[in-house]
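Structure record follows, encoded as structure tokens.
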Amino acid sequence: DRNINDLSTHLEKEKNKILHLLFNEEKSLHIFSGDNETNFLQAIRLFLYEDHNSLKTTYNLSAEEIHSFENTMYCYLIAATEKQQLEKAFSYLEYIYLNPNIDEDKKSTLINQTGQALLEKRSYEFNLESSRLLKAFLVFELMQKTLLWKGQALRLSQLLLSPEKRKILELIMGSGKTYFGRPASSLFLADGNNLVFNFWPEALATSKIG
């Protein structure tokens, strides 16, 4: 509990630092009227899309302040996803505590899930060739409250960072094509110079596009 509380305090400070940097009435030419959560989602979008032009012109940030914004957001995302893993582990333990009469098989499964959540590590290195792809990985993990599988991160990195641009990647069912691969690759490729088209089978098009 202490570690989670410490992380929560740290994250709140980092979030406030980012919000103050971007939504400072003395500097910014574009002040959002929404609440802090809405404003912070906008900050994540600016980070994710590497919209340095908006940071310079609309938010009036200097090159040094943009660097500070990016570093602070990286630190926030790393710490926030670590906190989510701790919370996931504690939720399993809490369930066991609140349900003392659960059967042994379910209890054993929950204990194993607790250990997996505590031991799970990030499946990619922070020295990726593309900062845009690294940001996509981190933001995906934050929003979905789960860490990427090694296979997901590795295969998508191989596809998108390959010098061969006419490349096809075939993945088996359940490997995260719809859930992760499609949105992450679209984000990476839609860089202001390329227009991305997604072609879907009819069954998926009516249920998975969002």
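The values are calculated or read from the model by the stated rules, or taken from the named source; none is laboratory data. These numbers come from a predicted model, not from an experiment. As a convention, Cβ positions derive from the backbone with ideal geometry for all residues, glycine included, and neighbour counts pool all protein chains shown. These accessible areas exclude ligands, DNA and RNA; they are computed on the full protein's heavy atoms, side chains included. Shrake-Rupley method; radii C 1.70, N 1.55, O 1.52, S 1.80 Å.
Table: residues versus (1) surrounded by fewer than 16 Cβ atoms within 10 Å (Cβ to Cβ); (2) over 18 Å from E70 (Cβ atoms); (3) within 11 Å of the chain's Cα centre (by Cα).
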site	(1), (2), (3)
P100	yes, yes, no
E104	yes, yes, no
L110	no, yes, no
A117	no, yes, no
F126	yes, no, no
L138	no, no, yes
K145	yes, yes, yes
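List every residue pair whose Cβ atoms sit under 8 Å apart, with the two residues 6 or more apart in sequence or on different chains, where the first one lies in segment 104-130 and is farther than 18 Å from E87 by Cβ and in a helix (DSSP H, G or I) and the second, anywhere, is open to solvent by less than 100 Å² (accessible area, probe 1.4 Å) and among the aliphatic types (A, V, I, L, M).
Cβ pairs passing all conditions: K107/I96.
In segment 44-92, what count of residues is obtained for those that are of a type in the set (D, E) and within 30 Å of K106 (Cα to Cα)?
Number satisfying all stated conditions: 2.
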